[in-house]
Amino acid sequence: MLASSRRGAALSARHCRLLTTCKRDYQYFDNFEMKEGVGIVRLNGPGAVNTISPKMQDDVDKIFNDHVVGNKDLKGLVFISSKKDNFIAGADIDMIKETENKADLKDVCMKGHQWWKDIKQKTGNIPFVAAINGSTLVGFLI
């Protein structure tokens, strides 16, 4: 994505938060923003709390591919929640219940850990910061 397109996406994301009806590009995140070289990733899942699930991982992967990897203007990245009282509550309980073979959950967890390792290499180790207001599970903060 071109730098000008990224700036346009950041501009629309800022305005999007002010509007009551806004097209979101992701189910588990608000639209990506960038301010003065710092990318802002706002967790905002469909439930009352933010949860980790394969669908959430797919969304964050898309955000990174669309806006972070290869972005020469990016100096750092902040993860923050749009929810007023929580950052991330942990794994999606419904996903856990629906998984017939509970041993498969380890693979889901390991995939998430590997994703973070891979993304650190792809981004040239730009700093990531979590701005936490409310409860969180440390599993997200690798």
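The values are calculated or read from the model by the stated rules, or taken from the named source; none is laboratory data. Note that the structure is a prediction, hence the values are computed from the model and not measured. Reconstructed Cβ throughout: ideal geometry from the backbone, glycine too, with neighbour counts over all protein chains shown.
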| query | Condition test on Lys72, is it in a loop (DSSP other than H, G, I, E, B) and either charged (D, E, K, R) or over 17 Å from Asn133 (Cβ atoms) (or both)? | reply | yes
Considering residues that are more than 20 Å from Trp116 (Cα to Cα), of a type in the set (A, V, I, L, M, F, W, C) and modelled with pLDDT under 95, the number found within segment 1-60 is 13
(1) part of a helix (DSSP H, G or I); (2) within 17 Å of the chain's Cα centre (by Cα) all hold for Val78 apart from (1)
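Please go through segment 36-56 and give me each residue that is surrounded by 17 or more Cβ atoms within 10 Å (Cβ to Cβ), in contact with a Gly (Cβ under 8 Å, 6 or more places away or on another chain) and outside any strand (DSSP E or B), ordered by number.
Selection gives Thr51, Met56.
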Being part of a helix (DSSP H, G or I) and charged (D, E, K, R) narrows Lys106, Lys84 down to just Lys106
Exercise. Lys102: surrounded by fewer than 13 Cβ atoms within 10 Å (Cβ to Cβ) and without any contact (Cβ under 8 Å) to a residue 40 or more places away in the chain, yes or no?
Worked result: yes
Checked pairs for segment 21-42, first farther than 15 Å from Ile63 by Cβ, second among the hydrophobic types (A, V, I, L, M, F, W, C), C-beta under 7 Å and 6 or more apart or across chains, list as Cys22/Cys16; Gly37/Leu74
